[in-house]
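The values are calculated or read from the model by the stated rules, or taken from the named source; none is laboratory data. Because the structure is predicted, anything quoted here is derived from the model rather than measured. Don't worry about glycine lacking a Cβ; one is built from the backbone with ideal geometry, like all the others, and counts go over all protein chains shown. Ligands, DNA and RNA are excluded from the accessible area calculation, which covers all protein heavy atoms including side chains. Shrake-Rupley method; radii C 1.70, N 1.55, O 1.52, S 1.80 Å.
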Amino acid sequence: MENNHVTTLEIDLNPIEYNFNYFKSKLKETTKVLVVVKAFGYGSDAVQIAKFLENKVDYFAVAYLDEGIALRNAGIKTPILVLHPQKSNVLKIIEYNLEANAYSVNLLKAIIEIVKSDNLQNIPIHLKFNTGLNRLGFNKKDITEIVSLIKNQKEVYIKSIFSHIAASEDLNERDYTMQQINDFKAIANELIPQLNNIPFKHMLNTSGIINYAEEAQFEMVRLGIGLYGFGNDQKETSKLKNVLTLKSVISQIHTIEKGESLGYNRSYIAETTTKTATIPIGHADGISRQFGKGKGFVYINNKKAPIVGNVCMDVIMVNITNITCNEGDEVIIYRDQQHIEEIAKSANTIPYELLTAISQRVKRVLKKC
């Protein structure tokens with residue numbers, strides 16, 4: 001991204017390739033891989049990630065129409081699944097050669113009618129089934145109506161059917177997950193013989209690939225957060241390589257005397273003479289206010305510097321009393337997966353939220369050896 005923000009997000013493409021190959025090694029050679037690049041590529045840069053992986057993957061997936069259009073405008077030719085389309089998106093989805101997920105009877109009816117009214121035929125769509133996540137998707141009882149809608153029409157055909165596991169990372173929920181997998185198999189066995197073509201099936205996300213590749217690999221898997229270096233536990237994450245490093249610099253150093261305050265609402269009162277550094281990144285850039293008052297920390301010259309006071313919109317302040325540093329020195333906001341996981345845990349959240357919150361005003365810098 002071309003901008004002048006001194007705070008940068010370094011995206012190392014070599015670990016992207018390594019992580020992709022790590023998950024690919026867990027699969028059969030014939031299994032397709034869909035890479036999820038929604039939410040600006042999990043906070044990185046969806047276009048650059050897609051360009052880098054285009055010749056390696058079988059599908060990309062985005063959440064919304066605009067994300068798919070951005071990839072097409074960047075020259076991406078690979079099939080793109082739009083996971084959460086609306087009726088109003090259908091013609092644009094077709095115009096940009098995207099593929100819609102039909103997740104309800106009402107949406108399926110609308111897609112068929114819109115395609116028919118535009119005198120189009122043979123448009124690929126995907127059907128999502130709800131097997132226990134209870135978020136989006138048809139239910140098994142909808143199969144009869146799905147078949148009645150699909151039969152004897154030329155407007156659309158079913159390219160894939162899929163579902164989403166609710167707790168693939170939690171082996172304590174294995175019984176529930178296996179029930180979901182078996183329910184999906186039952187749905188496929190009932191639906192597919194009634195279709196005019198044989199759609200491929202997919203169910204596994206990153207942690208599903210790790211824990212259920214044998215039980216539910218099917219013809220395709222969906223790789224998301226794993227691409228960026230996060231597995232479903234610390235052991236698995238340790239086998240992956242870090243992709244994203246969030247960096248900034250020290251704008252100014254202050255010395256605060258005992259009893260003086262810092263930041264909005266005087267949220268930090270110095271108990272002794274304290275040195276602080278002001279860093280140009282704040283909650284408008286994705287650093288949540290939850291990380292203020294000592295919950296979050298950065299690295300300066302390889303030493304931890306806790307955030308003091310409230311996180312501001314554009315800056316944070318950190319305690320550097322015991323760190324030798326100068327204005328203009330580099331600051332590492334997020335340096336690796338363990339750092340991100342530690343900070344996320346302190347705020348009772350997950351790495352997904354931290355990564356996807358990184359504002360697009362933060363400059364993206366690509367690295368590749």
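Here are a few things to note about the model shown:
- Amide H contacts under 5 Å for residue 223, placed H, 5+ residues apart: 34, 35, 36
- Test item: Cα-centred dipole of the chain, Lys/Arg +1 and Asp/Glu -1 on Cβ, debye: 300
- In this rough spin-label picture, where each label sits 7 Å from Cα along the Cβ direction, the residue 6-residue 260 distance is 2.0 nm.
- Carbon + sulfur, % of accessible area of the chain - ligands and nucleic acids excluded, 1.4 Å: 46
- Charge dipole magnitude, Cβ of K and R +1, D and E -1 - region 170-220, Cα centre, debye nearest 20: 180
- Taking every DSSP beta bridge that has both ends in the chain, the antiparallel portion is near 45%.
- Positive-end residue of 305, 318, 180, charge dipole of the chain with Cβ unit charges: 180
- Overall Cα dimensions of region 10-88, principal axis frame, Å, largest first: 40, 31, 19
- Think of a 1.4 Å ball rolled over the protein heavy atoms: the chain then has 46 Å² of accessible area per residue.
- Taking all pairs of distinct alpha-carbon atoms in the chain, Kirkwood radius in angstrom: 22.5
- Relative contact order %, the chain, counting alpha carbon pairs below 8 Å whose residues are six or more apart: 20
- The label-point distance for residue 219 and residue 14, in a model that sets each label 7 Å from Cα toward Cβ, rounds to 3.8 nm.
- Charges were assigned to the Cβ only: +1 to each Lys and Arg, -1 to each Asp and Glu. The resulting dipole of region 22-79 about its Cα centre is roughly 240 debye.
- In the chain, the longest principal axis of the Cα atoms and the axis of helix 105-117 are about 70 degrees apart.
- The share of alpha-carbon pairs in region 320-369 lying farther apart than 14 Å comes to 67%.
- The fraction of all Cα pairs in region 83-136 landing in successive 5 Å bins from 0 to the largest distance is 4, 20, 34, 23, 10, 6, 3, 0, given as whole percents.
- Here region 229-369 is treated as a Stokes sphere of Kirkwood radius computed over C-alpha pairs; at 4 °C and 1.567 mPa s its diffusion coefficient rounds to 83 µm²/s.
- The overall shape of region 121-166, judged from the alpha-carbon gyration tensor, is oblate: a/c is not under 1.5, and a/b is no greater than b/c.
- Sequence-separation-based contact order of region 104-221, relative, with Cα cut under 8 Å and 6+ spacing, percent: 25
- Debye log10 I(q)/I(0) at q = 0.20 Å⁻¹ for region 151-235, Cα point scatterers: -0.90
- Rounded tilt (10° steps) of 337-346 against the dominant C-alpha axis of the chain: 80
- R0 of 22 Å, Cβ-Cβ distance residue 172-residue 139: FRET efficiency to nearest 0.05: 0.30
- Taking region 261-369 and dividing mean pair separation by its residue count, relative contact order in percent (alpha carbons under 8 Å, at least six apart): 27
- Tail fraction, Cα-Cα pairs, region 31-132, threshold 20 Å, whole percent: 37
- Tail weight of P(r) past 17 Å, computed on alpha-carbon pairs of region 133-198, percent: 47
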